[in-house]
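What follows is a set of notes on a single structure, which appears directly below.
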């Protein structure tokens, strides 16, 4: 993995930050993408502190022009793309399905699905044309790519759609040495999952605390997937807190 170029979206915090640090320690040179420069710059500083290389780029991946600028910056700084980790994602308010507004729906779809597609398309074009050609795309699918939580229709719909994008990208990339896989994550301990310790709405309507796992296990899994040669792929990998209620939802 030494010297390979990786792009991580949503890299300023949580899973994105952990994965960026893991990839950097494994030898990748990083482009860190996110909407706010300040946290990206902080992650870049952490990477540089242990001798890694990182370039923070402020970009809202829901905006096609911003995605073009992101990949243009990567072209200028690094000259190629070996890995894209499609991680950036947002939630809608946890309200009943019939109370979700169209703007709330579109905001989630624009980032979680359209943004991932735009980044995939930009990376695919470069991986197809570069020399040596090929690369790897890893999508953050989530446990919600399999089963929903209550009052989560926009998020769950986009994560189910990410599974379709993963399969299509893997199929269409075969001829060009482009591998695509998906990691489905359950209850990694980040800022976003902090409320789980207090209580999460369950399928029966009750509010119960849920166990979480160290986010470094997610980073380790992505580093493993990223380290495979391009003639090997992990299409789908699930990593989750052992005692979370995922397998018993319903």
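The values are calculated or read from the model by the stated rules, or taken from the named source; none is laboratory data. Since this is a predicted model, take the numbers as computed values, not measurements. All Cβ positions, glycine included, derive from the backbone under ideal geometry; neighbour counts span all protein chains shown.
Some points to look at:
Here is a yes/no grid of residues against (1) crowded, with 24+ Cβ neighbours inside 10 Å; (2) at positive phi; (3) free of Cβ contacts under 8 Å to residues at least 24 places away in the same chain:
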{"residue": "2", "(1), (2), (3)": "no, no, no"}
{"residue": "10", "(1), (2), (3)": "yes, yes, no"}
{"residue": "45", "(1), (2), (3)": "no, no, yes"}
{"residue": "49", "(1), (2), (3)": "no, no, yes"}
{"residue": "75", "(1), (2), (3)": "no, no, no"}
{"residue": "82", "(1), (2), (3)": "no, no, no"}
{"residue": "85", "(1), (2), (3)": "yes, no, no"}
{"residue": "117", "(1), (2), (3)": "no, no, no"}
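- For the range 27-43, residues that are more than 26 Å from residue 177 (Cβ to Cβ) and either surrounded by fewer than 17 Cβ atoms within 10 Å (Cβ to Cβ) or touching a helix residue (DSSP H, G or I) at 6+ places or on another chain (Cβ under 7 Å) (or both) total 7.
- Beta carbons closer than 8 Å, at least 6 apart along the sequence or on distinct chains, pair a first residue in the range 191-208 that is loosely packed, with under 12 Cβ neighbours inside 10 Å with a second that is assigned to a helix (DSSP H, G or I) for 191/14.
- Take the conditions (1) closer than 22 Å to residue 192 by Cβ; (2) crowded, with 21+ Cβ neighbours inside 10 Å; (3) touching a residue at least 60 places away in the same chain (Cβ under 8 Å); residue 56 misses just one of them, which is (3).
- You will find that of 179, 123, the residue that is surrounded by 22 or more Cβ atoms within 10 Å (Cβ to Cβ), farther than 20 Å from residue 11 by Cβ and over 13 Å from the mean Cα position of the chain (by Cα) is 179 and no other.
- Among (1) closer than 20 Å to residue 225 by Cβ; (2) surrounded by fewer than 20 Cβ atoms within 10 Å (Cβ to Cβ); (3) under 17 Å from the mean Cα position of the chain (by Cα), the one test that residue 145 misses: (2)
- Residue match in the range 156-173 (condition: at pLDDT 95 or above, closer than 17 Å to residue 63 by Cα and touching a strand residue (DSSP E or B) at 6+ places or on another chain (Cβ under 7 Å)): no
- Qualifying positions in the range 229-249 - over 28 Å from residue 171 (Cα atoms) and either out of contact with any strand residue (DSSP E or B) (no Cβ under 7 Å at 6 or more places or on another chain) or in a loop (DSSP other than H, G, I, E, B) (or both): 241, 242, 243, 244, 245, 247, 248, 249
- Leading residue by the ranking (surrounded by the fewest Cβ atoms within 10 Å (Cβ to Cβ)) among those in the range 212-228 that are in contact with a strand residue (DSSP E or B) (Cβ under 9 Å, 6 or more places away or on another chain) and in a loop (DSSP other than H, G, I, E, B): 228
- Looking across the range 1-49, the residues that are part of a loop (DSSP other than H, G, I, E, B) and at pLDDT 95 or above come down to 4, 10, 11, 12, 13, 26, 27, 28, 35, 36.
- Test for residue 204: is it closer than 24 Å to residue 127 by Cβ and part of a loop (DSSP other than H, G, I, E, B): no
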